[in-house]
Structure formats: structure tokens, C-alpha cells
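Structure first, commentary second.
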Amino acid sequence: MSDPTSVPVSKVKKSVALSGVVAGNTAICTVGQSGNDLHYHGYDIVDLATHATFEEVAHLLIHERLPNTAELAAYRAKLVNHRGLPSALRAVLEQIPASAHPMDVLRTGGSALGTLEPERLPESGAGAASAPGARELADRLVAAFPSMLLYWHHFATNGRRIRTETANDSVAAHFLHLLHQRPATESHVRALDRSLILYAEHEFNASTFTARVIAGTATDFYSAITGAIGALRGPKHGGANEVAYDIQQRYATTDAAEADLRARLARKEIVIGFGHPVYTVSDPRSAIVKDIARALCAETDNTNLFAVAERIEQIMWTEKKMFPNLDWFSAVAYHELGVPTLMFTPLFVIARTTGWAAHIVEQRIDGKIIRPSANYTGPEDRPLVPLDQR
């Protein structure tokens, strides 16, 4: 694929409301300042995804610094101890039908946990003083969300009430262990771990901004997270990785993919998984997850899905000058890890809870409610006709 360095760096996306409008201040993350960069607290995403673990990044985002060796060991142990679910929450999860979308399971499970382990706030609501408590709840949810999702999954599909506690020292290993009911290989754990780092934070995206708007009202932590999950559920945001896999699995060969894609482009159809509201040169996470997907497929010599995805990538750049975003090759990687398609976006939730939490804390410290103005486009003054004359 050609190097897309000729694409302008500064570009407002007309199809995205508020594109280019600054809606607040943050010290957490920068996105697309050069057109293809991403930093968490000043650390480049390439360095984090190459040399760090998800637990280190979670600590960075939630607790605002990279941990040392002792702190990381303590943090891992803390997350392990937070994996259990109250019996009342398990009972709630058992009532959710198998037909439910797993995102709805996390939305409901997180809200239910908020009634069982509520955040204790003063009458005036959440503020700067409640930041430490929010960080503690963030750790709890990062550890408990995989347990919620997979307890429901096994109960809904085969009636099994699984144990949600494992001794695995990482969120990735814990998730894969619960999903497949056996320990995962080191390569699979590291692949998932790196993908969680890539999904952890992304500045004022739709779900994060939703969380900040909710947090700005001084409400509790669970309300902000639940709202963020609702925003992430949509196919224009988090659900894109599910749609990406649906596209990729249509084709038995790369030639079939190319022929059909060219026909779709001729009909001006939109191809999910390409382009981005902020990045103008490329998505810096895409090359990383592409390498992850390539390696996973090579392990099993099951390379057709990757080849199809790569051929479509090439065509989209040649014909439309559109680059793949994180979701495109994440779909390939998650499929190779044996993750059901409907769990792709819940994995996004597990990772992004760290970023949401960081923004909720920052909004609480800022202390302002978010209330933008609107450009009115409706009718002007109209006389009210009495009911008996209408």
C-alpha cells in the first residue's frame, strides 16, 4: 500500500458533528496532532504497545503514572482480588436472555453492581474530593467486567455457573481463560494484552465525551460508565469491529473480495473500518494490530481472513485514499483468538474503562457542568390555536 503522507494533516470532517471544535481541556491523551499520532500522558502508543502491558497502561490512566515493579505486582494482585461477583449480581446476569447483545450485558451488569456496591457521595455530589474513590471503582470494574460477561455467556449458552476467579495475573489471560475454560497460550495472551492497550484511551471520542458530560453533573461513577457503554454500543463507534468482521468473512478468496468491493464502491457504499474522524494520515494503532493479526494467523497457517482484509485495505487506499482504523485488523485478531464476534465491542469496553475513568476523574476535578448551546433551526414565533379550533 502506498505511503499516505500526502494527505493534509489539518482537516475538519464535515460528516462529524463538532469536528474540530475544542470542547474542553485534558492532560490525559493527544490524538492526531501530526495526523497519525497517539499519546497517553505523553507516552507514544507504539512504545506502550511494544514494551508495556495492559496493567501498566491501566495504572497510568487510572492512577496517573506508570508503576514500578513492586507497584505493578501489587496492582495485578489487586485486580485478581476484584474478579469475584456478588451472588445478587450473578442472579441478575442469569435473568438476561441468551439473545441479548453482550454490550447490553455489560451495561446492565455495571449498573447492577452500582446498586450492590454503590459509590458513597456527599449530598452535593461528586467532586474533586471523590477522585480517589472513582479510581478504586475503576479498578473494580476493569477486573469485574470480564467476569460479568463470561459468567453470563456460559450460563446463557449452556446453563453452566462458572467460577469467575482465576489466578491469571493479567486481564487478557483471565478473559481468555474464562472464555475457553482453559489457560491460553502465551502468544494469545500477549496479542490480546496489546490490543487492550490500543483500545484503552482516545481523547474526546463519543463515549468518553458522554462519560464526561455525565460526570459533569456530579453524579456517581457507575452512571457515567453506563452511559459511556451505551454510546460505545453504536456501530459508528465501538460496534465497527463487529461490522468489519462481517465484511471480511463474506469472501472465500481475495479475488472475490476485490471484485465485490469494487462493485460496492461503484455503488458508493460505505465500508466500515476505514477512515477516522481525527486521524488524517493514518491510524497509528492500525499497523500494530495488523502485525498482531498477521502473527496469529501465521501460527495456525489460517491466513485467508488476513489476506482478504489486507486486499480490501489495498483497494480502499488505491480507490478512495482511505486508511484502515484500529477496528479493521482487530476483527481478524479477535477472530483468531476465538472471541465470538458479539464480544468484540465488550473487549473495547474492558479496555476503555481505564480511559473513561481517567476522564471522569479529570471532569470531577474540573468541577464544571457541560452545557453547550444549540443552533436553532425550527419555526419562529407561532400563535397557539386553542384546542377546540384545531
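Computed values, structure above
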{"item": "Per-selection Rg to Rh, the stretch 39-120 - Cα, Kirkwood hydrodynamic radius", "result": "1.09"}
{"item": "Total charge dipole magnitude, the stretch 127-235, about the Cα centre, Cβ charges on Lys, Arg, Asp, Glu only, Debye to nearest 20", "result": "380 debye"}
{"item": "Under Karplus coefficients 6.51, -1.76 and 1.60, residue-wise ³J(HN,Hα) of the stretch 29-40 in Hz, glycine/proline x", "result": "7, 10, 10, x, 5, 9, x, 8, 10, 8, 9, 9"}
{"item": "Over 23 Å [Cα-Cα, the stretch 131-224], rounded percent", "result": "39 percent"}
{"item": "The stretch 186-311, relative contact order [Cα under 8 Å, separation at least 6], %", "result": "26 percent"}
{"item": "R0 of 45 Å, Cβ-Cβ distance ARG120-ALA266: FRET efficiency to nearest 0.05", "result": "0.15"}
{"item": "Cα pair distances in the stretch 256-298, grouped into 10 Å bins until the bin that holds the longest one, percent each", "result": "22, 33, 42, 3"}
{"item": "Largest-first principal axis extents of the Cα set of the stretch 202-287 (Å)", "result": "54, 26, 25"}
{"item": "Relative contact order, percent, the chain [alpha-carbon distance under 8 Å, six or more residues apart]", "result": "26 percent"}
{"item": "Pairs of alpha carbons in the chain whose separation is greater than 38 Å (percent)", "result": "21 percent"}
{"item": "With all protein chains modelled, accessible area of ARG250 [1.4 Å, Å²]", "result": "110 Å²"}
{"item": "Order by protection proxy (mean Cβ within 10 Å, highest first), peptides 378-385, 143-150, 344-351", "result": "344-351, 143-150, 378-385"}
{"item": "Most to least packed among 193-204, 90-101 [average Cβ atoms within 10 Å]", "result": "193-204, 90-101"}
{"item": "The stretch 323-379, Cα convex hull volume normalised per residue, Å³", "result": "178 Å³"}
{"item": "For TYR40, residues with placed amide H under 5 Å, excluding near neighbours", "result": "ILE45"}
{"item": "Largest-first ellipsoid semi-axes for the stretch 264-378, taking √(5λ) over the Cα gyration tensor eigenvalues, angstrom", "result": "32, 22, 13"}
{"item": "Lys/Arg +1, Asp/Glu -1 at C-beta; the chain dipole; positive extreme among SER99, ASN158, PRO235", "result": "SER99"}
{"item": "Relative packing of 266-274, 306-314, which averages over residues the other C-beta atoms within 10 Å, highest first", "result": "306-314, 266-274"}
{"item": "Label-point separation in nm, GLN33 to GLU380, each point 7 Å along Cα→Cβ", "result": "4.7 nm"}
{"item": "Dipole magnitude (debye, nearest 20) for the stretch 172-251, charges at Cβ of Lys, Arg, Asp, Glu", "result": "160 debye"}
{"item": "Kirkwood-based shape ratio for the stretch 66-174, expressed as Rg/Rh from alpha carbons", "result": "1.01"}
{"item": "For the stretch 148-277, fraction of C-alpha pairs farther apart than 20 Å, in %", "result": "66 percent"}
{"item": "Cα-centre dipole for the chain with unit charges at Cβ (Lys and Arg positive, Asp and Glu negative), debye to 20", "result": "720 debye"}
{"item": "Helix runs (DSSP H) in the chain reaching 24 Å along axis by Cα, Kyte-Doolittle at least -1.0", "result": "131-158, 284-300, 344-366"}
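The values are calculated or read from the model by the stated rules, or taken from the named source; none is laboratory data. Since the structure is predicted, the reported quantities are computational estimates derived from the model, not experimental observations. Neighbour counts run over all protein chains shown; Cβ positions are idealised from the backbone, glycine included. For accessibility, only protein heavy atoms count, side chains too; no ligands or nucleic acids. Shrake-Rupley method; radii C 1.70, N 1.55, O 1.52, S 1.80 Å.
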